[in-house]
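Some notes on the structure that comes next.
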Amino acid sequence: MILSPAFHDLRAAYQSEMDDLTSDTEGRDVLRKRLADKRKSLDFLLQMTEAAPEMVAVVFHQGFRFTEPAVMDQVVSLEIDDVPDWDELGGAVQVLPSAQSLAETFLQQADGQRFMTIAAALVYLYEKPDGRMQAAADDADEDDADKDEDREDHDDESREYVESDDEADARAREEAGADWMVEQGFDRKD
């Protein structure tokens with residue numbers, strides 16, 4: 001998966017926002033309560049969708065089901081101004097019943113179509129199994145180089161096999177996403 005610079009930055013900001021909402025100063029898990037409070041301030045959030053979408057998108061935490069990950073991989077490779085409207089995502093993303101009324105409210109706004117696509121992309125990146133780990137890895141020190149040298153002692157042949165499978169899967173997802181975007185009327189990104 002390739003992230004555009006915009007989604008790279010938004011992903012990191014979204015991760016920080018989720019980290020801030022997750023626990024209080026005593027380390028207790030307060031995510032549910034804070035998300036509920038944030039959802040109650042909907043009028044304020046509606047004003048922030050363009051300026052700080054990552055701060056607003058958190059209200060959709062666990063509110064989407066991603067049925068076509070390749071499409072979402074393609075969306076996060078685009079710049080913000082190039083993302084498709086929400087309606088163009090079709091069946092690639094489903095709003096779960098718990099978030100349906102929120103989605104309807106946002107979609108009534110002037111920039112609601114674009115915001116919903118961005119929100120879904122940020123939730124997708126966060127919920128991806130490697131999403132949170134990748135965000136942390138982006139900030140890692142060069143100490144990882146030492147760990148990589150230690151790992152070289154493992155069986156190179158099996159590692160190459162796993163890497164080639166991962167690369168093939170990633171290429172297949174990218175191709176499927178690109179095909180879908182072309183079907184939606186976008187130019188193929190080569």
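All of the numbers you see were taken from the coordinates with simple rules; none came from a lab. Being a predicted model, the structure only gives us computed values, none of them experimental. Glycine also receives a Cβ, built like all others from the backbone with ideal geometry; neighbour counts cover every protein chain displayed.
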Under 5 Å from the placed amide H of F64, counting only residues 5+ away or on other chains, we find L96
Going highest first, how would you order 23-36, 110-123, 75-88 by mean Cβ packing within 10 Å? 110-123, 75-88, 23-36
Out of residues 5 or more away from V30 or on other chains, whose amide H comes under 5 Å of its own, with H placed 1.01 Å from N in the peptide plane? S23, D24
